[in-house]
Amino acid sequence: MNSDKQYKRYERQIMLKEFGVAAQKKLLQTKVLVVGAGGLGCPALQYLVAAGVGTIGIADDDVVSLNNLHRQVLYNMNDINLSKAEVAAEKLRALNNEINIVAYNLRLINKNASEIINAFDIVVDGTDNFSSRYMINDACVLLNKPLVYGAISKFEGQVAVFNAKDEVNKRAINYRDLFPVPPKDDEVLNCADAGVLGVLPGIIGTMQANETIKLIIGIGKPLVNTILTYNALDNSSYEFNLSLNENAQELSPKDLAAFLEMDYEWLCSSQINNSFEIDAAKFNNLIEDSNAIVIDVREKDEQPFVDEFEHIQIPLNELINNQKAIEKENVVVFCQSGQRSLQAAQLLNELFNDKHIYSLKGGIAEWKKQYALQANEK
Amino acid sequence: MTIKVFGQLHDIVGSNLIEVESAANTDELIQQLQLKYPALKDSKYKVAVNRNIIQSNATLQKDAEIALLPPFSGG
């Protein structure tokens with residue numbers, strides 16, 4: 001504590017016997033990066049700055065909009081069209097000028113993430129899209145930084161502490177242990193599409209600040225290996241205990257070089273990559289190919305049954321657990337209409353760098369029609 | 001069996017609590033749910049049994065507490 005003034009500022013938390021001067025010193029020595037200065041980021045920033053976290057980074061490339069103001073209450077009408085990172089930094093300096101606040105008026109992406117994240121001890125995720133969330137998660141795993149995660153969906157919010165070491169597991173649990181494969185950004189609605197009650201990110205962002213402070217000063221029970229869901233409508237909360245997922249490591253970049261090669265926008269892009277699609281003629285060649293394995297990715301009881309060619313059945317959602325069954329160099333997937341098999345192809349392409357992946361366009365329904373036609377002609 | 005449903009899955013099942021007849025394990029449960037709510041097939045979610053997220057098929061006791069957790073993205 002440098003001065004009486006500094007003591008005075010934090011007096012009411014230092015008074016807590018679980019806190020004290022030692023905890024305040026820890027806070028003042030810690031560097032926290034908040035990614036996204038929006039609904040979650042704003043309240044997290046306000047409380048972290050007020051509590052005296054020594055260095056705060058704010059990364060956001062967005063500007064303030066009128067429809068942000070119902071929940072991002074750090075901003076006001078005069079801030080519209082101004083950089084969130086810069087406006088937030090200015091307001092937060094007015095709240096606490098004894099700490100160091102760094103504004104990054106940029107979008108945190110894999111190309112700049114490791115340099116920025118490396119300068120901090122803890123990362124708070126206040127972003128609103130999966131490509132950013134997976135990128136930040138993977139960066140924190142590689143750089144060994146705890147990640148205080150928060151997210152919302154309409155009237156519900158989630159908080160968790162990822163990538164924080166514990167005594168139970170052989171490695172720290174991260175977001176990919178929960179959902180190894182990123183959902184597409186349009187698969188799950190964000191606030192812009194689904195709407196959000198303004199108070200909810202205020203609650204969840206504040207909980208993220210609380211988890212961050214607990215983590216830094218080592219009190220209470222931070223949400224390590226746990227994801228908490230809070231429902232603003234009935235005030236219920238539910239804690240899920242997380243466990244290690246074998247697929248998480250396989251789908252994560254192995255090192256920083258691999259991380260830089262990742263295309264997170266593409267992984268979460270709703271633009272479907274249809275370069276895997278093949279027509280019936282090419283499909284017919286491949287089913288004769290001894291170097292190819294053909295997989296029906298429909299559920300096991302789905303009609304029509306296929307007995308025209310040799311194949312195995314692995315439903316789409318079980319593919320990831322049945323990778324060992326896929327040994328051959330060429331992998332051909334099909335389903336009813338060609339939609340699910342295209343998803344399967346994208347997934348297989350992520351899992352296997354050394355295989356050629358094909359998806360039957362139009363699905364088995366269309367193929368059967370053509371097969372019947374050809375049989376009639378003969 | 002009562003199942004708690006979170007996040008966007010509300011929109012598919014129409015409630016935050018759903019009932020199914022008993023299932024011996026989680027694979028069987030998922031099959032039943034997909035028959036009842038076909039849109040679940042295209043949804044990403046994790047199953048929790050007694051508040052533990054499971055990573056593969058798990059046996060279900062009659063009084064098991066089951067929850068379905070989808071990913072959230074908003075912020």
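Quick notes on this one:
- Qualifying position, being free of Cβ contacts under 8 Å to residues at least 24 places away in the same chain and within 28 Å of A:Ser131 (Cα to Cα), among A:Glu299, A:Glu288, A:Glu318: A:Glu318
- Enumerated helices (runs of 4 or more DSSP H) restricted to segment A:106-216, each holding at least 1 residues that are more than 14 Å from chain B (Cβ to nearest Cβ) and modelled with pLDDT of 95 or more: A:110-118, A:130-143
- Matching residues in segment A:225-257 - criterion: being at the interface with chain B (Cβ under 10 Å from one of its Cβ atoms) and surrounded by fewer than 16 Cβ atoms within 10 Å (Cβ to Cβ): A:Leu233, A:Asp234, A:Ser236, A:Glu239, A:Asn241, A:Ser243, A:Glu246
- Cβ separations smaller than 6 Å between residues 6+ apart or across chains give the following pairs from segment A:1-27 residues that are free of Cβ contacts under 8 Å to residues at least 60 places away in the same chain to residues that are part of a loop (DSSP other than H, G, I, E, B) and of a type in the set (Gly, Ala, Ser): A:Tyr10/A:Gly52.
- Looking only at residues of segment A:290-329 that are more than 14 Å from chain B (Cβ to nearest Cβ) and in contact with a Lys or Arg (Cβ under 7 Å, 6 or more places away or on another chain), we find that the one that is modelled with the lowest pLDDT is A:Pro304.
- Within segment B:14-36, being open to solvent by 20 Å² or more (accessible area, probe 1.4 Å) and not small (Gly, Ala, Ser) holds for B:Asn16, B:Leu17, B:Glu19, B:Glu21, B:Asn25, B:Asp27, B:Glu28, B:Ile30, B:Gln31, B:Gln32, B:Leu35, B:Lys36.
- Count of segment A:69-88 residues, restricted to those that are surrounded by 22 or more Cβ atoms within 10 Å (Cβ to Cβ) and either in a helix (DSSP H, G or I) or touching a Phe, Trp or Tyr at 6+ places or on another chain (Cβ under 7 Å) (or both), is 4.
- Checked against the criterion of being more than 19 Å from A:Gln346 (Cα to Cα) and either at pLDDT 95 or above or in the same structural domain as A:Lys165 (by TED's automatic domain parsing) (or both), segment A:257-270 has at least one qualifying residue.
- Taking chain B as the region of interest, the strands (runs of 3 or more DSSP E) fully inside it that hold 2 or more residues being modelled with pLDDT of 90 or more, within 10 Å of chain A (Cβ to nearest Cβ) and in contact with a strand residue (DSSP E or B) (Cβ under 9 Å, 6 or more places away or on another chain) are B:46-49, B:66-69.
- Here A:Lys184, A:Lys165, A:Lys170 are screened, and the one residue that is under 18 Å from B:Ser43 (Cβ atoms) and in the same structural domain as A:Thr206 (by TED's automatic domain parsing) is A:Lys184.
- The number of residues in segment A:32-56 that are in a strand (DSSP E or B) and surrounded by 24 or more Cβ atoms within 10 Å (Cβ to Cβ) comes to 5.
The values are calculated or read from the model by the stated rules, or taken from the named source; none is laboratory data. Just so we're clear, the structure is a prediction, and the values are computed from it rather than from any experiment. Ideal geometry is used to build each Cβ from the backbone, glycine not excepted, and the neighbour counts take in all protein chains shown. Side chains are part of the model used for accessible areas, which takes the heavy atoms of the whole protein and leaves out ligands, DNA and RNA. Shrake-Rupley method; radii C 1.70, N 1.55, O 1.52, S 1.80 Å.
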